[in-house]
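Step one of this worksheet: look at the structure below.
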Amino acid sequence: MKLYPLFSAFLLAFISQAASHKVSSLVAKQSFLEKAVHVRGGGKAVPANKNVKVQPFTPSSEGASIPNEVFNLVKAIVGVGVLSLPAGVAAFGNAPSAVIPAIALIAIIGVLSGYGFALIGKVCAYTGATSYREAWSKTVGEGSSWIPAWSATIKTFLACMAFSMVLGDTFSSLFRSERNFTIVVVTLVVLLPLCLLKNLKSLAPFSLLGVIGMAYTALAMTIRYLDGSYVLPEGGLVSTVASDLQPSFGSKGLESVFSSSSLILVCMLSTAYMAHFNAAKFYVELKNNTVSRFHQVVAWGFGISILLMGSMTMLGFLTFGESSSGLVLNNYSAEDIWMSGSRIAVALSLVFSYPLAFAGCRDGLLDLLKIPTEKRTSLNLNILTIALLSVLTLLASILKDVSFVLAFGGATLGNALTYVYPALMYRAVVKEQNRDDESAGVTFAMTSAALGIVMGAVG
């Protein structure tokens, strides 16, 4: 079994490099045709006889560098959701060789997600939009802009629910307390005070804990895989793990990827790579924000994310097989010092990330309900905060499997935000601005959208 991580690591490194190049080539195919005259964001010039309204090319002299944008993009993508991916592999396979097609799926979905992310930046370049909703309004139409807005708000709600579930699992393991009781206590003592804050800027620096926590967790998982602490029957820690969470392997390997159950992993990956609602922000905040420079950010950001997700998925599945929990940290012993440190790091990361995600959900709901600013008093905001947290806490207590929440969100809203909506916006702007030489790009984008719809329907 130890040969599989060597082969898979080589395969993953090769695929990650190829994927990064593929994302870059997909979104930059037409750059060699561009003229010396540019539109905003480095877009292609349009012939003078076309009745097209475009923004003048005004690249920003201020903003974030490409390395900074890449770091922030990786930070936005690689979160706690990656810890559910081993369960996605276990949904269709139980032999070590099942990790090979899983890595291929991680790379393919990563490339398609990166392409959708890049399309949103290109739409912003062509239209001057500065947000996802504005990009939709300027292309598909203002009247239907509620569609992506509602999708993003509900998706954020599901993310907060998953966070609550992970916090419950993590703290109950650390303190060896009952799960539902722990969720209620954490909500009342920790989350509620933070979510009631009116200014969340002071929490922004703590988002770095997420990167540190994931890096530490990857290191701890590597150490535990290599030292055999969870190998049956002689592993030093395996006897301290519940029987249903102990390693279990069978005969369903490579070929099992062709079963419909593999779509569970596909839908989970649609959530795992979700950062698309902030794509416009990444484009706008990039220094000298030409389309080609934005493509570099996307290629590097998604390429690194593919590598990290593939590595952690491989380590988790090869350690526990078909017993991989919806949160793989649950498989590790409460007496494991290395993994206890990981639980603490993940918990701290989520505690400080939760209010930021919750504020996005709450404010998005207020916007969609068209609540005027004058009615958004402290009292009304506090009432809404308590009500939303109560619903989230109740649902997190009822649902036990975080991988189900992530798969459901990916199968519905994740696929729409990642594949379908960007393709529709891109097709609309190409048609409106008479960019006839980008018809091949539209065809590929709509094919990607169709795949997203199929994956969501079947998954």
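Taking Rh as the Kirkwood radius, which is the inverse of the mean 1/r over Cα pairs, what is the Rg/Rh value for the range 147-292?
Rg divided by Rh gives 1.02.
Apply the Debye scattering formula to the range 263-389, with a single equal point scatterer on each alpha-carbon and no solvent, then give log10 I(q)/I(0) at q = 0.12, 0.13, 0.18, 0.21 Å⁻¹.
Log10 of I(q)/I(0), two decimals: -0.78, -0.88, -1.17, -1.24.
Step through the table entries K138/K198; K252/K400; K75/K201; K375/K400; K138/K370; K375/K431, compare each Cα-Cα distance with 29 Å, and write down the pairs that go over it.
K138/K198; K375/K400; K375/K431
How large is the Kirkwood hydrodynamic radius of the range 130-220, counting all unique pairs of alpha carbons, in Å?
By the Kirkwood definition, the hydrodynamic radius is 16.2 Å.
What does the highest-first list of 365-371, 78-84, 93-99, 127-133 look like by mean Cβ count within 10 Å?
Highest-to-lowest ranking by the protection proxy: 78-84, 93-99, 127-133, 365-371.
Around A76, with a cut-off of 12 angstrom between Cβ atoms, what is the net charge of the other residues, counting Lys and Arg +1 and Asp and Glu -1?
+1
Hey, with R₀ at 60 Å, roughly what FRET efficiency would V185 and N68 work out to, going by the Cβ-Cβ distance, to 0.05?
Computed FRET efficiency for V185 and N68 comes out at 0.95.
Straight-line reach only, C-alpha to C-alpha below 16 angstrom: list the aspartates and glutamates that K122 could link to, leaving out same-chain residues fewer than 8 apart.
The qualifying aspartates and glutamates are E34, E134, E285, E432, D436, D437, E438.
Once Rh is set to the Kirkwood radius over Cα pairs, what Stokes-Einstein translational diffusion coefficient, in µm²/s, holds for the range 144-188 at a temperature of 10 °C and a viscosity of 1.306 mPa s?
Approximately 136 µm²/s, per Stokes-Einstein.
How much length, in nm to one decimal, is gained on full extension between R176 and E142, taken as 0.36 nm per residue of separation minus their Cα-Cα distance?
Full-extension gain reported as 7.1 nm.
Please tell me the relative contact order of the range 355-459 in percent, rounded to the nearest whole number, where contacts are Cα pairs under 8 Å and at least six residues apart.
Result for the range 355-459 is 28 percent.
Using the heavy atoms of the protein chains alone and a 1.4 angstrom probe, what is the accessible area of the range 99-158 per residue in square angstrom?
Spelled out: the 1.4 Å probe surface of the range 99-158, per residue, equals 26 Å².
Where in the range 215-231 is the amide nitrogen less than 20 Å from a point lying 7 Å along the Cα-to-Cβ axis of I337?
Under cut-off, by backbone N: 216-231.
For the range 321-409, what's the radius of gyration and Dmax over Cα atoms, in angstrom?
Cα-based Rg and Dmax for the range 321-409 come out at 17.4, 54 Å.
The values are calculated or read from the model by the stated rules, or taken from the named source; none is laboratory data. Owing to the predicted nature of the structure, the values given are computational and were not obtained by experimental measurement. Every residue, glycine as well, gets a Cβ built from its backbone with ideal geometry; the counts of neighbours run over all protein chains shown. Accessible surface is based on the protein model in full, side chains and every heavy atom, while ligands, DNA and RNA are left aside. Shrake-Rupley method; radii C 1.70, N 1.55, O 1.52, S 1.80 Å.
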